[in-house]
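Novice: Take a look at this one; I'll ask things after.
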Amino acid sequence: MDKIRIVGGNALSGTIPISGAKNAALPLMIAGLLTPDRLTLENVPRLRDVALLQRILTNHGVDYSLDGKRPGQDPLAGQTIHFQARDIVDTTAPYELVSQMRASFWVIGPLLARMGEARVSLPGGCAIGTRPVDFFISGLKALGADIDIDRGYVVARAPGGRLLGGRVTFPKVSVGATHTVMMAATLAKGETVIENAAREPEVVDLAACLVAMGAEIEGAGTETIRIQGKRDLHGAWHSVLPDRIETGTYAMAVAMTGGSLDLVNTAPELLSSALGVLADAGVSIEPLKTGIRVRRDGGGIRPVDVTTEPFPGFPTDLQAQFMALMTRAEGTTRITETIFENRFMHVAELVRLGARIHLDGQVATVEGVDRLIGAPVMATDLRASVSLVIAGLAAEGDTTVSRVYHLDRGFERLEEKLSRCGAAIERLSGEGSR
Ligand code: UD1
């Protein structure tokens, strides 16, 4: 298994191109199931989760082809992938595939809407909490679906072969349930209204792509989304929006090490709340034409309390990275996690690097220390693993992060992007690195 080795202490300086968002690319790829025509996605990141979803979609009958690299193209430029679900050959998404990535459960929406039936494995638990699917079930039922749970599978049928528009009110904001019900509603008969919808930029991006495919959707990005169902959708061409979590991660990395990074192909409005928190912590943020310059010169890091919230609040997907930064703050920070019940797996690993963190339920109290010291640490989930990299960049001496397959799920060429900007970071591949 690969490991990442970091020798801490170098300031970061240079330019990092931000990839297309994983969390936008996945639902966009799934939206390709809604039409027999070709959906082309540009700026798709090269990630393990994208490759895995390609495998899952192939199982349902989706053909895909990749545009070759253009001569002289930056190896970090996103890829263009054409998807075509001419015939859906299988409406079952099996446990072996769904259990590897929760987002693959979302195929239930398009499969049910287009084929009138779907049988999708329950995703099971994951490291950051139980993550149930009750909102998906109640949402699809509101669109007229009959749903049973049979031996670990959600079996959904649309009576008469077609879903009917309905009113869905989510008890709590859910990104995945909003994506799924919105996709399903595009082919339902009549109007669907989703109340307490997720307002994340990835929901807006999916809606834009669905509209390009012929759907009629209003209100994406607000709490209420209205969808007028259509008989069919058609093909489209769509560019995946920039990854706000990757942007925030590198912003926190340079806040940690000091120096100056130009984060390009991204947009500050995608992460205003996190950038506001960084500014409060004493980090300079300037807009660029297609991104931001993030800089910290000599000054220290001020502690700032943070509570994770659905968009536009501070994202749970940046909580671990922010905690890494606050381990070096000049004072004490309280970080409250409200989205997932077990998203503090990185705490024990950060403590191995010398951080002082006290956990009490959903609140972590981080007492800033003068220095972190490198040590072997273990990645536990996607965002937690990158927080260890950030901490390692500022720690004295060697840090090795093992189980980096978590990182490869969501961060494209992380070590290349960071080493181009002066970090001493390398991947130790294979058996030899055990
Ligand atoms: C998505 C993101 C993930 C991010 C999360 C919150 C993708 C691929 N993943 O995950 O990176 O951390 O949003 O911003 O886009 N819930 C229920 N019942 C349900 C569905 C959800 O109780 O049926 C709960 C969850 O347990 C959690 C909360 O709702 O406590 C929010 O989860 P949700 O927004 O659904 O997260 P995901 O869509 O899985």
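The values are calculated or read from the model by the stated rules, or taken from the named source; none is laboratory data. These numbers were taken from a predicted model, which means no experiment stands behind them. Note: ideal-geometry Cβ built from the backbone for every residue, glycine included; neighbour counts use all protein chains shown. Areas reflect the complete protein model, heavy atoms only, side chains present, ligands, DNA and RNA absent. Shrake-Rupley method; radii C 1.70, N 1.55, O 1.52, S 1.80 Å.
Novice: Per residue, how big is the convex hull of segment 282-395 when only Cα atoms are used? Give it in Å³.
Specialist: 109
Novice: What are the ³J(HN,Hα) couplings of segment 85-96, residue after residue, when phi is run through the Karplus curve with 6.51, -1.76, 1.60 and θ = phi - 60°? Round to Hz, x for glycine and proline.
Specialist: Karplus values, whole Hz, x for Gly and Pro: 9, 4, 10, 7, 8, 8, 9, 9, 10, x, 3, 4.
Novice: In segment 138-179, how does Rg compare with the Kirkwood Rh, expressed as the Rg/Rh ratio over alpha carbon atoms?
Specialist: Looking at segment 138-179, the ratio lands at 1.00.
Novice: Set the Förster radius R0 to 45 Å, insert the Cβ-Cβ distance between Asp87 and Thr336 as r into 1/(1 + (r/R0)^6), and round the FRET efficiency to 0.05.
Specialist: 0.40
Novice: Where in the chain are the DSSP H helices whose alpha-carbon span along the long axis reaches 18 Å or more and whose Kyte-Doolittle mean is at least 1.6?
Specialist: Helix filter hits for the chain: 382-394.
Novice: For segment 25-121, count the residues as N, evaluate 2.2 N^0.38 Å, and divide the Cα radius of gyration by that value, please.
Specialist: That works out to 1.09 for segment 25-121.
Novice: Need one number: nm distance between label points at Ala279 and Asp134, each 7 Å from Cα along Cα→Cβ, rounded to one decimal.
Specialist: 3.9
Novice: Also: Ignoring everything except DSSP H segments at least 4 long, calculate the 222 nm mean residue ellipticity for the chain; use -39,500 (n - 2.57) per segment, divide by total residues, nearest 500.
Specialist: -8500 deg cm²/dmol
Novice: Can you list the residues, at least 5 places off or on another chain, whose amide H is less than 5 Å from the amide H of Gly291, using H built in the peptide plane?
Specialist: Thr266
Novice: Hey, another quick one. Percent relative contact order of segment 1-68, based on C-alpha pairs within less than 8 angstrom and at least six residues apart?
Specialist: 31 percent.
Novice: Within segment 362-403, what whole-number % of the accessible surface is contributed by carbon and sulfur, with the 1.4 Å probe and all protein chains included in the calculation?
Specialist: Percent of accessible area from carbon and sulfur atoms in segment 362-403: 51.
Novice: Continuing with the same structure: Probe radius 1.4 Å, ligands and nucleic acids left out: which of Tyr405, Tyr95 has the largest accessible area, and how do the rest follow?
Specialist: Correct descending sequence by accessible area is Tyr95, Tyr405.
Novice: Could you tell me which residue out of Ala177, Leu122, Thr222 lies farthest along the dipole of the chain toward its positive end? Charges go on the beta carbon: Lys and Arg +1, Asp and Glu -1, centred on the Cα centre.
Specialist: Leu122
Novice: Nearest 20 debye, what's the magnitude of the dipole of segment 309-394 about its Cα centre given +1 on Lys and Arg Cβ and -1 on Asp and Glu Cβ?
Specialist: Around 240 debye, computed over segment 309-394.
Novice: Roughly to the nearest percent, how much of the accessible area of segment 246-304 is carbon and sulfur, given a 1.4 Å probe?
Specialist: It is 52 percent, rounded to a whole number.
Novice: While we're on this one: Under 30 Å between C-alpha atoms is the cut-off here; go through the chain and count lysine pairs that meet it, provided they're at least eight residues apart or on different chains.
Specialist: Counting lysine pairs in the chain gives 18.
Novice: Evaluate the charge dipole of the chain about its Cα centre and quote only its size in Debye, nearest 20, assuming +1 on the Cβ of each Lys and Arg and -1 on the Cβ of each Asp and Glu.
Specialist: 400
Novice: Express the relative contact order of the chain as a whole percentage, based on alpha carbon pairs under 8 Å and six or more residues apart in sequence.
Specialist: With pairs under 8 Å counted, the relative contact order is 21 percent.
Novice: I want the local charge near Glu96. Using Cβ-Cβ distances under 15 Å, sum +1 for each Lys or Arg and -1 for each Asp or Glu among the other residues.
Specialist: +3
Novice: Counting every Cα pair in the chain, what percent are over 36 Å apart?
Specialist: Counting pairs separated by more than 36 Å, the tail of P(r) holds 26 percent.
Novice: Using the heavy atoms of the protein chains and a 1.4 angstrom probe, tell me the accessible area per residue for segment 391-434 in square angstrom.
Specialist: Using a 1.4 Å probe on heavy atoms only, each residue of segment 391-434 averages 41 Å².
Novice: Averaging sequence separations of C-alpha pairs under 8 Å and six or more residues apart, then dividing by the length of segment 109-255, give the relative contact order as a whole percent.
Specialist: Relative contact order comes out at 20 percent.
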